[in-house]
Amino acid sequence: MGELWRKFRALPTWAQATSWVVAALVVIGGIAGGGSEQPQEDLTPVGIATETEEEIPSPTPTEAESSAAPSPTPTVEETTEPEPEPEPEPEPEPPPGCTPGYKTADGSCIDDHDDDGNGDVNCGEVDASAKPVQVTGSDPYELDRDGDGVGCES
């Protein structure tokens, strides 16, 4: 048994799996009625005479064709291409009069935080509720000094 087992283990995995499936089907067939208690069917081919029977003529091709069900037309599975990824929605345009490229945490216009009215916003002027500020384009107010896309982080 040891030698047989070593040979079996040397087979590729797919061959081992196939062997187990075949063995399982043999066992299931024996349990499901393949036992010796049941009578065997007569497997004598049609048209061959046995010692006790007279010869039976085999059906002509036209009879066989007329009694056979039409063969189904082979179908080809259609391959469908995967749905393309939806494009991300573009960033909403800032309200009129707001400098583009800045998105505050509270959605306010970055230019509304120019408290001293000098036309230059600095992080000290941005309300805490509007921080941090995402910088998505040019940074004319230099709010993102480290260039990581987030301004007024502290």
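Residue by residue through the range 4-13, what is 3J(HN,Hα) from phi via Karplus (6.51 cos²θ - 1.76 cosθ + 1.60, θ = phi - 60°)? Round to whole Hz and write x for glycine and proline.
Couplings: 4, 5, 4, 5, 4, 5, 7, 5, x, 4 Hz.
Return the distance in nm (one decimal) between the two label points of a simple spin-label model at A105 and T136, each offset 7 Å from Cα along Cα→Cβ.
1.9
With each label point set 7 Å from Cα along the Cα-Cβ vector, what nm distance links S154 and D120?
Here the answer is 2.1 nm between the modelled labels.
Please compute the length gained on full extension between L11 and E83, using 0.36 nm multiplied by the number of residues separating them and subtracting their Cα-Cα distance.
Result for the pair: 21.8 nm of gain on full extension.
Every number in this text was worked out from the coordinates using simple rules, so none of it is lab data. All values derive from a computational prediction rather than experimental measurement. Note that each Cβ is placed from the backbone with ideal geometry, even for glycine, and that neighbours are counted across all protein chains shown.
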